[in-house]
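Undergrad: Dumping the structure here so I can ask a few things about it.
The values are calculated or read from the model by the stated rules, or taken from the named source; none is laboratory data. Please read these numbers as outputs of a predicted model, since none were measured by experiment. Note that we place each Cβ from the backbone using ideal geometry, even for glycine, and neighbour counts take in every protein chain shown. Surface areas here come from the heavy atoms of the whole protein model, side chains and all, with no ligands, DNA or RNA. Shrake-Rupley method; radii C 1.70, N 1.55, O 1.52, S 1.80 Å.
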Amino acid sequence: REELLLRPLPAGDVAAAFQFRTRWDADLRRGAVSHYRLFPKALGQLVAAQGVRELHLALTQGFWRTQSWGQPPLGAPAGAELWVWFQDSVPDVDKAWKELSNVLSGIFCASLNFIDSTNTVTPTASFKPLGLANGTDHRLLRYAVLPREVVCTENLTPWKKLLPCGSKAGLAVLLKAERLFHSSYHSQAVHIRPICRDASCLAVSWELRQTLTVVFDSFTSGQGKKDWSLFKMFSRTLTDACPLASDSKVYVDISPKNKEKELLEVTPTPTSVHEAVVQGDKRTYAVYDLLSPSLFNSSRSLNVQLKWKRPQDSQELSTPVLHAQRYVSGYGLQTGEISTLIHNTHPYRAFPVILLETVPWYLRLYVHTLTIITKGKENKPSYIHYQPAQDRKRPHLLEMLIQLPANSVTKVTIQFERALLKWTEYTPDPNHGFYVSPSVLSALVPSVIAMKDVDVEESPLFASLFPSSDGSSYFVRLYTEPLLVNLPTPDFSMPYNVICLTCTVVAVCYGSFYNLLTRTFHVEEPSRGGLAKRLANVIRKFRGVPPL
């Protein structure tokens, strides 16, 4: 199944979310599989060899602005994120984790081989299995983030090769690297999990979900207008569906902002209109079914156009119920403070949130300075898990369950001290700073609209990865900004100056001394000159010029 969700954002931006789902009716845990069909063999062999129960990998360039863009279709932090659940039969989880990250590094041409014990943590409450799971023993979980990872074409190309049709047919035709990376935000992800094959759940299937989210900015794209089309965004149009796909649809969010008419007008006429409750909000989607024979009767290609009927008001921008910011404060290069602001904008409902903080070992946290303030009062967490760091071995891990009162801002602060690294541990650009992984917020946010249980196979893909446990709330996972912290850095130009000065002194002094000791002097008698000199004197004599 493949689908594309087009969602207009405030200020004229447009978010495009691709999702490709491949379901494989096989059980890797019971025996060897030789025929992979549509499932990528590289990933299938990796899951079977390393005893993986679930795998979630995301490569992101940019930062999703939750406060102005709303909740993301599928959140991801800046850089590279990898979290894996292993099976109970794995004897050494750390060894399997290291081998897995190295193999994924080769498959996706990413720097995942830099994942080691210094940036790997084992959360206890923030990450639960999204697929079938008999138990939730957190010792089988590993989580790591590389916030410095830069995502580019060499990561997109192997990602596209995992698709059943590649980039030759279907929605993947739109994935043109030149347009995707000329955007405000770009995130590609791979999710592998076991799911039930049918309603009775007697057999297990494997689901590979490849997602790609990109945000096009009217200013960076050079359009300067709020009207969009597939050709303006991707420089291409859709000509057909993937022949191997059982479902190929394009969804355009045309939800009205209030009870008046909708703001958007889409052309051509959609195949159908679908209404769904997504993330606690009722949404209306114009649906284009690429498998419908009537869609390509009028023209050979599909170029969906989005036109605004009337301009948007700034007052119409709806603030998400949960959003957060994070920053580092302080002065000097010895101490500092990390602050996280968590906003609950719900007018009358309070709900808890799980906050996960991962701090490198060279920022030494003072846990006794941890303060949580809400509306001027201290807010004590109902659950707290702290694992202190070990120098050059593991980072700090801090997890807390915090209750967020209605219509409130909660400030979480903790002080730290900067460590002085060895001169070989600094990066090639130490004055740029060192990155700190973003915080992770996991919460069940109360929904205003009651959400009904829908059939997973019939529902849109963008609403089925985090299914609603009940009709009153929906799951949200948010990521804050990564931090850039300066460490006390020695002057790396001083060794260069010392080497230059020393070499100069040695060359001048030792060279002169060596010449004096080894050079021999000979007295030469003045010669009368050779044949050339005599000929020159003869010519000069005829010319009346004194001889040489």
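Undergrad: State whether the residues of the stretch 78-95 include one that is in contact with a Gly (Cβ under 6 Å, 6 or more places away or on another chain) and either surrounded by 21 or more Cβ atoms within 10 Å (Cβ to Cβ) or closer than 26 Å to K249 by Cβ (or both).
TA: Taking every residue of the stretch 78-95 in turn, at least one turns out to be in contact with a Gly (Cβ under 6 Å, 6 or more places away or on another chain) and either surrounded by 21 or more Cβ atoms within 10 Å (Cβ to Cβ) or closer than 26 Å to K249 by Cβ (or both).
Undergrad: Does the stretch 36-45 include one or more residues that are basic (K, R) and assigned to a strand (DSSP E or B)? Can you show your working first?
TA: The initial filter retains those residues of the stretch 36-45 that are basic (K, R), namely 37, 41.
Narrowing further to those that are assigned to a strand (DSSP E or B): none.
No.
Undergrad: Quick check: anything in the stretch 321-333 in a loop (DSSP other than H, G, I, E, B), open to solvent by 50 Å² or more (accessible area, probe 1.4 Å) and either farther than 30 Å from P490 by Cβ or at pLDDT below 85 (or both)?
TA: no
Undergrad: Looking at (1) among the basic types (K, R); (2) modelled with pLDDT under 90; (3) open to solvent by less than 80 Å² (accessible area, probe 1.4 Å), find the lone condition where R477 falls short.
TA: (2)
Undergrad: Does Q71 meet the test of being assigned to a strand (DSSP E or B) and open to solvent by 10 Å² or more (accessible area, probe 1.4 Å)? Lay out the reasoning, then the answer.
TA: Numbers: assigned to a strand (DSSP E or B): no; open to solvent by 10 Å² or more (accessible area, probe 1.4 Å): yes.
It is false that Q71 is assigned to a strand (DSSP E or B) and open to solvent by 10 Å² or more (accessible area, probe 1.4 Å).
Undergrad: Something else about it: At positive phi, of a type outside the set (D, E, K, R) and open to solvent by 20 Å² or more (accessible area, probe 1.4 Å): is that true of Q305 in this structure? Break it down into steps so the answer makes sense when it comes.
TA: Numbers: at positive phi: no; of a type outside the set (D, E, K, R): yes; open to solvent by 20 Å² or more (accessible area, probe 1.4 Å): yes.
When the stated conditions are applied, Q305 does not pass them.
Undergrad: Separate question: May I ask you to list the residues in the stretch 96-115 that are outside any helix (DSSP H, G or I) and open to solvent by less than 60 Å² (accessible area, probe 1.4 Å)? Reasoning before the result, please.
TA: Filtering the stretch 96-115 for residues outside any helix (DSSP H, G or I) gives 109-111, 115.
Result: A110, S111, I115.
Undergrad: Another question, if that's okay. Given the structure, is F63 under 26 Å from P243 (Cβ atoms) and under 16 Å from the mean Cα position of the chain (by Cα)? First the steps, then the outcome.
TA: Values: under 26 Å from P243 (Cβ atoms): no; under 16 Å from the mean Cα position of the chain (by Cα): yes.
No, not satisfied.
Undergrad: Would you please name the residue that is farthest from L6 (Cα to Cα), looking only at residues in the stretch 232-284 that are modelled with pLDDT of 85 or more and exposed (fewer than 14 other Cβ atoms within 10 Å of the Cβ)?
TA: Per the stated criteria, the residue is P243.
Undergrad: Taking the stated definitions as given, is L531 modelled with pLDDT of 85 or more and either outside the structural domain of E425 (by the TED database) or more than 37 Å from the chain's Cα centre (by Cα) (or both)?
TA: In short, no.
Undergrad: Show the residue pairs that are 6+ apart or on different chains and have beta-carbon atoms under 7 Å apart, the first residue being within the stretch 284-303 and without any contact (Cβ under 8 Å) to a residue 40 or more places away in the chain, the second being loosely packed, with under 15 Cβ neighbours inside 10 Å.
TA: From residues that are without any contact (Cβ under 8 Å) to a residue 40 or more places away in the chain, the pairs are T284/V273; T284/E275; A286/V273; V287/S272; V287/V273.
Undergrad: On the basis of being open to solvent by 50 Å² or more (accessible area, probe 1.4 Å) and either of a type in the set (G, A, S) or on the phi < 0 side of the Ramachandran plot (or both), does H368 make the cut?
TA: Values: open to solvent by 50 Å² or more (accessible area, probe 1.4 Å): yes; either of a type in the set (G, A, S) or on the phi < 0 side of the Ramachandran plot (or both): yes.
It is true that H368 is open to solvent by 50 Å² or more (accessible area, probe 1.4 Å) and either of a type in the set (G, A, S) or on the phi < 0 side of the Ramachandran plot (or both).
Undergrad: So which of S200, S229, S184 ends up being open to solvent by less than 50 Å² (accessible area, probe 1.4 Å), more than 19 Å from Y285 (Cβ to Cβ), of a type outside the set (V, I, T) and at pLDDT below 90? Show your work before the answer.
TA: Values: S200 fails: open to solvent by less than 50 Å² (accessible area, probe 1.4 Å); S229 fails: more than 19 Å from Y285 (Cβ to Cβ).
Only one candidate qualifies: S184.
Here's the yes/no breakdown for (1) in contact with an Asp or Glu (Cβ under 6 Å, 6 or more places away or on another chain); (2) more than 30 Å from S229 (Cα to Cα); (3) crowded, with 17+ Cβ neighbours inside 10 Å; (4) modelled with pLDDT under 90:
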residue	(1), (2), (3), (4)
N297	no, no, no, yes
Q315	no, no, no, yes
P347	no, yes, no, yes
A350	no, yes, no, no
T358	no, yes, yes, no
E378	no, yes, no, no
P381	no, yes, yes, no
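Undergrad: Could you grab me the full set of residues in the stretch 136-178 that are among the basic types (K, R) and surrounded by fewer than 18 Cβ atoms within 10 Å (Cβ to Cβ)? It would help to see each step written out before you state the result.
TA: Let us first name the residues in the stretch 136-178 that are among the basic types (K, R), namely 139, 142, 148, 160-161, 168, 176.
If the condition is that a residue be among the basic types (K, R) and surrounded by fewer than 18 Cβ atoms within 10 Å (Cβ to Cβ), then R139, R148, K161, K168, K176 are the ones that fit.
Undergrad: Wholly within the stretch 130-245, which strands (runs of 3 or more DSSP E) include no fewer than the required count, namely at least 2 residues that are farther than 30 Å from E481 by Cβ and touching an Asp or Glu at 6+ places or on another chain (Cβ under 6 Å)? Full working, then the answer.
TA: Details: elements: 141-146, 185-196, 204-216.
Correct list: 204-216.
Undergrad: A follow-up question, please. Out of the stretch 383-427, which residues are surrounded by fewer than 19 Cβ atoms within 10 Å (Cβ to Cβ), aliphatic (A, V, I, L, M), touching a Leu at 6+ places or on another chain (Cβ under 9 Å) and more than 22 Å from G330 (Cβ to Cβ)?
TA: I384, L401
Undergrad: Sticking with this structure for a sec: Taking interchain pairs and intrachain pairs at least six residues apart, which have beta carbon atoms under 8 angstrom, with the first residue in the stretch 225-250 and under 14 Å from T267 (Cα atoms) and the second among the charged types (D, E, K, R)?
TA: Partner pairs satisfying both residue conditions: D227/K307; L230/R236; V250/E3.
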